[in-house]
């Protein structure tokens, strides 16, 4: 019976911990994804000479992120204002083209990092106000 009580206690703690976990919003999820990819891109850029494959992978992940964001704003059910949707789509196109230039060693990664950081600031501000 004692083992049963320990198991029951552990189960109760687990259930309570799950209920006490904060609810994640889509904005939180977007922020986390963009933040992780930006961090990887920045770290891979710093080690570009030592591990070029990781750098290429990070650029590709960032490009894929922006492809997903562009797909999201093209969805007719997207509730963002049209102007914001157009700007996000433009940034996705820029990221696609600029990534190709980076991989040809014809451009710097900095504009992509700047864009991602600006989006993160915007998500954080919108999260604080709405």
Discussion item. If the requirement is being assigned to a loop (DSSP other than H, G, I, E, B) and surrounded by 12 or more Cβ atoms within 10 Å (Cβ to Cβ), which of these qualifies: 116, 78?
Written reply: 78
Worksheet entry | Residue among 73, 59 that alone is assigned to a helix (DSSP H, G or I) and either exposed (fewer than 13 other Cβ atoms within 10 Å of the Cβ) or touching a residue at least 40 places away in the same chain (Cβ under 8 Å) (or both) | 59
Worksheet item: Applying the selection to segment 15-56, what residues are surrounded by fewer than 10 Cβ atoms within 10 Å (Cβ to Cβ), assigned to a helix (DSSP H, G or I) and either in contact with a helix residue (DSSP H, G or I) (Cβ under 6 Å, 6 or more places away or on another chain) or modelled with pLDDT under 90 (or both)?
Response: 17, 18, 19, 20, 26
Item to complete: State whether the residues of segment 89-108 include one that is at pLDDT below 95, over 28 Å from residue 46 (Cβ atoms) and part of a helix (DSSP H, G or I).
Response: no
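Can you find, within segment 82-99, the residue that is nearest to residue 67 (Cα to Cα) among those that are over 18 Å from the mean Cα position of the chain (by Cα) and surrounded by fewer than 13 Cβ atoms within 10 Å (Cβ to Cβ)?
Our first condition is that a residue be over 18 Å from the mean Cα position of the chain (by Cα); within segment 82-99, this holds for 82-83, 86, 97-98.
From what is left, the residues that are surrounded by fewer than 13 Cβ atoms within 10 Å (Cβ to Cβ) are 82-83, 86, 97.
On the way: 82: 18, 83: 18, 86: 14, 97: 12 Å.
Checked segment 82-99; the qualifying residue nearest to residue 67 (Cα to Cα) is 97.
The values are calculated or read from the model by the stated rules, or taken from the named source; none is laboratory data. Source: prediction; values computed, not measured. All Cβ positions, glycine included, derive from the backbone under ideal geometry; neighbour counts span all protein chains shown.
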